[in-house]
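The values are calculated or read from the model by the stated rules, or taken from the named source; none is laboratory data. Please read these numbers as outputs of a predicted model, since none were measured by experiment. For neighbour counting, all protein chains shown are included, and Cβ atoms are generated from backbone atoms with ideal geometry for every residue, glycine included. Ligands, DNA and RNA are stripped out before the accessible areas are found, and what is left, the full protein with its side chains, is counted by its heavy atoms. Shrake-Rupley method; radii C 1.70, N 1.55, O 1.52, S 1.80 Å.
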Amino acid sequence: MKALKEVPVDDYWRVSKFFGPDYPNKSFVFSVLSHRIPGRVFSADDAKSSCLITTNSSYAFLAGDFDPAIALRAFLHLSDREDVKMILPPGRVLAERLPEGVELVDRVQYAHRGSTPRTHAAVPAGFRLEVLDATLFRRLNWNVATDLFGDFEGFLRGGYGYCLTHGGEVAAEAYSVVGAGISEPGIYTAPGFRGAGLQKVLLHELLRKADRHGHQTVLSCDASTHATVALARRFEMTLDIEYQAARTLQGKRTT
């Protein structure tokens with residue numbers, strides 16, 4: 001089995017060919033390739049036919065015409081991480097045995113193809129909509145944003161976002177990773193504030209922001225995450241890509 005070797009930064013341009021129109025989560029991929037968010041690139045064949053892109057979050061991306069053994073090698077390469085979600089090219093099925101503690105999950109990506117949607121989402125009484133600034137970034141409840149961007153300066157390079165606060169507490173937070181003209185939101189509501197429609201407010205603001213900047217918004221999730229699918233449909237987003245990811249089972253690590 002060939003070992004994965006890190007691709008030199010000056011050669012990142014060579015792997016962009018593996019991420020065509022049908023590959024999901026391209027904002028993450030091209031943010032790494034353009035050094036807007038931290039990440040690394042690996043290949044077992046000098047980027048001739050396939051590659052693996054990792055971020056500082058749980059997300060990693062395998063692409064190209066890879067040998068099945070490379071998929072296994074890619075996951076083993078990430079085995080020191082407790083949480084891994086390795087995105088696979090659409091239509092690619094991993095028939096070989098996965099490492100212990102790993103499962104395949106169906107994923108979907110929805111795309112917003114028009115201008116800011118007609119759906120209006122008003123800020124609920126008692127809440128305040130705020131631009132995600134340095135102070136709020138340090139108070140985020142969700143670690144995904146800090147993992148992806150590293151720090152607030154990294155966030156300014158690679159995205160934008162908003163928070164809803166209540167009595168000075170961050171009730172809900174949202175950010176978009178921006179790359180290759182694509183904006184991909186991540187939204188989180190603190191447990192004590194769920195059920196108040198806060199995600200609708202934040203997604204609406206991110207859609208407006210993307211529209212002003214000429215970015216296309218996509219929203220991806222596990223196919224079983226019905227709340228996110230319903231949110232995408234509410235804002236007139238259409239199913240764009242169906243694919244799979246190999247992820248670690250909750251509470252388990254790869255071996």
>> Which count do you get for residues in the stretch 13-55 that are touching a Leu at 6+ places or on another chain (Cβ under 9 Å), buried (at least 17 other Cβ atoms within 10 Å of the Cβ) and not in a helix (DSSP H, G or I)?
In response: 14
> Got a sec? Which of Ser183, Ser220 is closer than 15 Å to Gly114 by Cβ and in contact with a Phe, Trp or Tyr (Cβ under 9 Å, 6 or more places away or on another chain)?
Replying inline: Ser183
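Report yes if some residue within the stretch 191-204 is of a type outside the set (S, T, N, Q), without any contact (Cβ under 8 Å) to a residue 24 or more places away in the chain, assigned to a loop (DSSP other than H, G, I, E, B) and in contact with a Ser or Thr (Cβ under 9 Å, 6 or more places away or on another chain); otherwise report no.
Taking the stretch 191-204 first, the residues of a type outside the set (S, T, N, Q) are 191-198, 200-204.
When the remaining residues are screened for being without any contact (Cβ under 8 Å) to a residue 24 or more places away in the chain, the result is 191-192, 194-195.
From what's left, assigned to a loop (DSSP other than H, G, I, E, B): 194-195.
The next check asks that each one be in contact with a Ser or Thr (Cβ under 9 Å, 6 or more places away or on another chain); those that pass are 195.
Yes, the stretch 191-204 contains at least one residue that is of a type outside the set (S, T, N, Q), without any contact (Cβ under 8 Å) to a residue 24 or more places away in the chain, assigned to a loop (DSSP other than H, G, I, E, B) and in contact with a Ser or Thr (Cβ under 9 Å, 6 or more places away or on another chain).
In the stretch 136-148, how many are surrounded by fewer than 15 Cβ atoms within 10 Å (Cβ to Cβ) and at pLDDT 90 or above?
The qualifying residues number 2.
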>> Given the criteria out of contact with any Phe, Trp or Tyr (no Cβ under 9 Å at 6 or more places or on another chain), surrounded by 15 or more Cβ atoms within 10 Å (Cβ to Cβ), modelled with pLDDT of 95 or more and not aromatic (Phe, Trp, Tyr), does Ala111 qualify?
In response: yes
>> Cβ-Cβ distance below 7 Å, separation of 6 or more or different chains: which pairs start in the stretch 35-58 with a residue that is basic (Lys, Arg) and end on one that is buried (at least 20 other Cβ atoms within 10 Å of the Cβ)?
In response: Arg36/Gly158; Arg36/Gly179; Arg40/Thr54
> Counting just the residues of the stretch 234-249 that are at pLDDT below 95 and out of contact with any Leu (no Cβ under 7 Å at 6 or more places or on another chain), which one comes out surrounded by the fewest Cβ atoms within 10 Å (Cβ to Cβ)?
Replying inline: Leu249
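Residues in the stretch 116-135: is at least one of a type in the set (Gly, Ala, Ser), more than 30 Å from His166 (Cα to Cα), at pLDDT 80 or above and buried (at least 16 other Cβ atoms within 10 Å of the Cβ)?
Let us first name the residues in the stretch 116-135 that are of a type in the set (Gly, Ala, Ser), namely 121-122, 125-126, 134.
Still in the running and more than 30 Å from His166 (Cα to Cα): none.
No, because not a single residue in the stretch 116-135 is of a type in the set (Gly, Ala, Ser), more than 30 Å from His166 (Cα to Cα), at pLDDT 80 or above and buried (at least 16 other Cβ atoms within 10 Å of the Cβ).
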>> Exactly one of these conditions fails for Arg208: (1) part of a helix (DSSP H, G or I); (2) open to solvent by less than 70 Å² (accessible area, probe 1.4 Å); (3) under 30 Å from Ile53 (Cα atoms). Give me its number.
In response: (2)
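Is it the case that the stretch 164-173 has a residue that's open to solvent by less than 60 Å² (accessible area, probe 1.4 Å), within 21 Å of Tyr110 (Cα to Cα) and among the hydrophobic types (A, V, I, L, M, F, W, C)? I'd like the intermediate steps shown before the answer.
Taking the stretch 164-173 and keeping what is open to solvent by less than 60 Å² (accessible area, probe 1.4 Å), we get 164-165, 168, 170-173.
Then keep just the ones that are within 21 Å of Tyr110 (Cα to Cα); that gives 173.
Remaining after also requiring among the hydrophobic types (A, V, I, L, M, F, W, C): none.
Within the stretch 164-173 (the criterion being open to solvent by less than 60 Å² (accessible area, probe 1.4 Å), within 21 Å of Tyr110 (Cα to Cα) and among the hydrophobic types (A, V, I, L, M, F, W, C)), the answer is no, since none of the residues qualifies.
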> Just checking, how many residues over the stretch 212-249 are within 23 Å of Pro124 (Cα to Cα) and acidic (Asp, Glu)?
Replying inline: 1
> So which residues in the stretch 1-12 are free of Cβ contacts under 8 Å to residues at least 40 places away in the same chain, farther than 17 Å from Thr55 by Cα and either polar (S, T, N, Q) or surrounded by fewer than 11 Cβ atoms within 10 Å (Cβ to Cβ) (or both), if there are any at all?
Replying inline: Asp10
> If a residue has to be more than 18 Å from Asp222 (Cβ to Cβ) and not in a helix (DSSP H, G or I) to count, how many in the stretch 60-81 make the cut?
Replying inline: 9
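A quick yes/no check of all residues on (1) over 16 Å from the mean Cα position of the chain (by Cα); (2) farther than 29 Å from His112 by Cα:
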{"residue": "Ala3", "(1), (2)": "yes, yes"}
{"residue": "Val7", "(1), (2)": "yes, yes"}
{"residue": "Asp10", "(1), (2)": "yes, yes"}
{"residue": "Trp13", "(1), (2)": "yes, no"}
{"residue": "Lys17", "(1), (2)": "yes, no"}
{"residue": "Gly20", "(1), (2)": "yes, no"}
{"residue": "Tyr23", "(1), (2)": "no, no"}
{"residue": "Ser31", "(1), (2)": "no, no"}
{"residue": "Pro38", "(1), (2)": "no, no"}
